[in-house]
Amino acid sequence: MAGGTPKTMEVPRTTVTLADGRALTYFGTIPERPADYPDRRQLPAPDVQARARWDSLVSEWVVIASHRQERTFQPAEDQCPLCPSTAASLTEIPAPEYDVVVFENRFPAYSGTAGDQPGQPGQLGQPREPGQPGLLAARPAVGRCEVICFSQHHLASFADLSSGQAATVMAAWADRSAELARLPGVEQVYCFENRGAEIGVTLSHPHGQIYAYPYITPRTDRMLAACASYRHGTGRSLFDDVLAAERADGSRIVLAGRHWTAFVPFAAHWPYEVHLYPNERVPDLAALAPAARAEFCELYLDLLRRFDRLFDGPAPYISAWHQAPVRHRGGDFALHLELFTIRRAPGKLKYLAGSESGMGAFANDITPEAAAMRLRQLG
Ligand SMILES: [Zn+2]
């Protein structure tokens, strides 16, 4: 693998099996004897029938997963499925306390492995050209969807974590990314957090998700094409040059550490959007050196706290890790994180309206330089 051997941080972990056969892994504080905390619930086996259909007009897969309509939506706090279990309430996490846990989503958009289910791309249609799925092509949506709980405290947020707790989350992200990348049929692993009811989060407990896709996602596909074209034209790495250009310009830098640079991108799509790049390009989380992981936790917590000071309440945000797809680790794609909020002012959200949703054409009414200055001043 390019980027060297995965450098796994020394965080204790142990894996158990939930009542319906799903796996759950504790990271950090682990039950000394997990058998003392079995999952006592009666759960039917997950009913998963997701399929991916090919949209031939825009060359994208779309997952059709009707079972997800039944998933839990904003339960009362004492019914939260992500809090630790108590005598009165049996949750997804059997133990009475935890630091960080990861488990398979009960309502996944992607599940199973390539060998489990019949059907391959293009099976239902006539290919138009080699390697291109045909019209009306569908395939099983194999892959994995996992939930990662950042804290056992229901009312906490990621920004409330200590850097030690954030490091445990970081270790869990790296561990899961490396493991899911090894599943047959998985092409890309994506760790992300949606925060805030405005983003459509169905559970307020601090948590994120990890998706293992059976294909390369549209946005990543475009970035790979941009990298290839830039390499072809200049002989250089696009990600390296973007970072160098931002550092040389300086007007959009929010935070600069020894190992990371946080900046508002030159053509930001969102009112407040920050990209975090490691100063030394690596393909994925598993390839990050320990010192870079440690510094990331400090910078990221600082950034999240600045986001929370932007408005009169916690900022709704999406935080997205971009990692090189499984079969592109040796190329130019660089690990980075993209953090953005859809809030542009107190009480005002940027909705994806006609131009953005209908045409994918973005307009942003806050200049990236003004956004960067505001975020610098909130330190
Ligand atoms: Zn909770």
Scoring segment 214-328 by relative contact order with C-alpha pairs under 8 Å, at least six apart, yields a percentage of 17
At a 10 Å Cβ-Cβ cut-off, how would you order Ser151, Ser355, fewest neighbours first? Ser355, Ser151
Pick from Thr25, Thr15, Thr234 the residue whose mean-square fluctuation is largest in a GNM of the chain, springs joining Cα atoms under 10 Å. Thr234
Using amide H atoms built 1.01 Å from N in the peptide plane, name the residues 5+ places from Tyr272, or on other chains, whose amide H lies under 5 Å from its own. Thr341
Let me make sure I get this right: for segment 248-379, a, b and c are the square roots of the gyration tensor eigenvalues over alpha carbons, sorted descending. Under 1.5 in a/c it's rounded, otherwise prolate if a/b > b/c, else oblate. Which is it? oblate
Estimated FRET transfer efficiency (Ala87, Ser162; beta-carbon r; R0 41 Å; 0.05): 0.90
Please sort 163-170, 307-314 by packing, taking for each peptide the average over its residues of neighbouring beta carbons within 10 angstrom, highest first. 163-170, 307-314
Express in whole angstrom the spacing between the alpha-carbon centres of segment 150-220 and segment 248-289. 19
A correct Karplus calculation of ³J(HN,Hα) over segment 341-352, with 6.51 cos²θ - 1.76 cosθ + 1.60, θ = phi - 60°, whole Hz and x for Gly and Pro, returns 10, 8, 8, 10, 7, x, x, 10, 10, 8, 8, 6
Report, in deg cm²/dmol and to the nearest 500, the calculated mean residue ellipticity at 222 nm for the chain, where each DSSP H run with n ≥ 4 adds -39500 (n - 2.57) and the sum is divided by the residue count. -7000 deg cm²/dmol
Determine, for Thr29, Thr220, the number of other Cβ atoms within 10 Å of each Cβ, and report the residues in order from fewest to most. Thr29, Thr220
Multiplying the sequence separation of Leu378 and Val62 by 0.36 nm and subtracting their Cα-Cα distance, what value in nm do you get? 109.8 nm
Could you list which residues have their amide H under 5 Å from that of Trp260, counting only those 5 or more apart in sequence or on another chain, with H placed in the peptide plane? Asn279
Built amide H within the under 5 Å cut-off of Asn105, gap 5+: Cys145, Glu146, Val147
What does the C-alpha gyration tensor say about the overall shape of the chain? Classify as rounded when a/c is under 1.5, otherwise prolate if a/b is larger than b/c, or oblate. rounded
Which net charge results when you count Lys and Arg as +1 and Asp and Glu as -1 among the other residues whose beta-carbon is under 15 Å from that of Ala371? +3
Most mobile listed residue (Leu183, Leu352, Leu224) in the chain, GNM with C-alpha springs under 10 Å: Leu352
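Taken together, the values in this text are just the output of simple stated rules run on the coordinates, not laboratory data. Since this is a predicted model, take the numbers as computed values, not measurements. Here Cβ is always computed from backbone atoms with ideal geometry, including for glycine, and neighbour counts include all displayed protein chains.
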